[in-house]
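Take a look at the structure set out below.
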Amino acid sequence: MKTSTIPPIRVAPAFRGEIESVLEQGESLSEFVENAVRQSVLKRQNQTEFVRRGMAAIEETQRLVNGIAADDVLAQLDAKLAAARKTLAQRQA
């Protein structure tokens with residue numbers, strides 16, 4: 001398979017200096033840029049998949065009508081927080 005290039009980008013000399021200052025032993029600027037692009041692609045793919053799964057879960061919950069109302073969840077969390085604060089206050093007394 002023949003390789004292709006990523007379009008070159010212009011950066012300020014100071015920024016290029018910052019990039020070069022963090023290169024690891026034996027790492028080239030091209031390797032650094034390729035790694036950064038690969039990480040960005042992977043991050044976006046993961047974000048897209050996360051959102052897709054979340055939307056599917058929401059649709060499934062709505063279809064089955066078996067979700068828990070946000071107000072109920074928040075009330076439960078508030079009760080847990082109040083209990084934790086009470087326990088902490090008792091220990092400090």
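Bear in mind these aren't lab numbers, they're just calculated from the coordinates by the rules spelled out. None of these values were measured; they are calculated from a predicted model. When we count neighbours, we look across all protein chains shown, and the Cβ atoms used for this are built from the backbone with ideal geometry, even at glycine.
A compact table of results
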| read-out | value |
| --- | --- |
| Under the Karplus curve 6.51 cos²θ - 1.76 cosθ + 1.60, θ = phi - 60°, whole-Hz ³J(HN,Hα) for segment 41-48, x wherever Gly or Pro sits | 4, 4, 4, 5, 4, 5, 4, 4 |
| By average C-beta atoms within 10 angstrom, highest first, the peptides 51-58, 27-34 | 27-34, 51-58 |
| Computed magnitude of the charge dipole of segment 13-92 (debye, nearest 20; Cβ of K, R +1, Cβ of D, E -1) | 520 |
